[in-house]
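**Q** This is the structure I have questions about; it appears just below.
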Ligand SMILES: [Zn+2]
């Protein structure tokens with residue numbers, strides 16, 4: 001699972017497919033709220049805001 005900024009979505013998808021050999025689901029963190037989990041504020045690969053969850 002990756003939390004990434006908009007620029008790193010493609011990279012996250014590539015890594016996910018490499019790792020799990022399956023297509024990921026993309027969740028927009030700005031329009032989704034989680035009752036039991038707080039997503040990280042920052043992208044996994046840069047200091048940009050995490051906007052998309054790849055899982
Ligand atoms: Zn990023």
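**Q** Please go through region 3-51 and give me each residue that is touching a strand residue (DSSP E or B) at 6+ places or on another chain (Cβ under 6 Å), near the ligand (Cβ under 10 Å from one of its atoms) and assigned to a strand (DSSP E or B), ordered by number.
**A** Of everything in region 3-51, those that are touching a strand residue (DSSP E or B) at 6+ places or on another chain (Cβ under 6 Å), near the ligand (Cβ under 10 Å from one of its atoms) and assigned to a strand (DSSP E or B) turn out to be 3, 4.
One line per residue, one yes/no per condition, for (1) surrounded by 10 or more Cβ atoms within 10 Å (Cβ to Cβ); (2) under 8 Å from the mean Cα position of the chain (by Cα):
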{"site": "9", "(1), (2)": "yes, yes"}
{"site": "12", "(1), (2)": "yes, yes"}
{"site": "16", "(1), (2)": "yes, no"}
{"site": "22", "(1), (2)": "no, no"}
{"site": "26", "(1), (2)": "yes, yes"}
{"site": "33", "(1), (2)": "no, no"}
{"site": "38", "(1), (2)": "no, no"}
{"site": "50", "(1), (2)": "yes, yes"}
{"site": "55", "(1), (2)": "yes, yes"}
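Here, each number is a calculation from the coordinates, and none is a lab measurement. All values derive from a computational prediction rather than experimental measurement. Ideal geometry is used to build each Cβ from the backbone, glycine not excepted, and the neighbour counts take in all protein chains shown.
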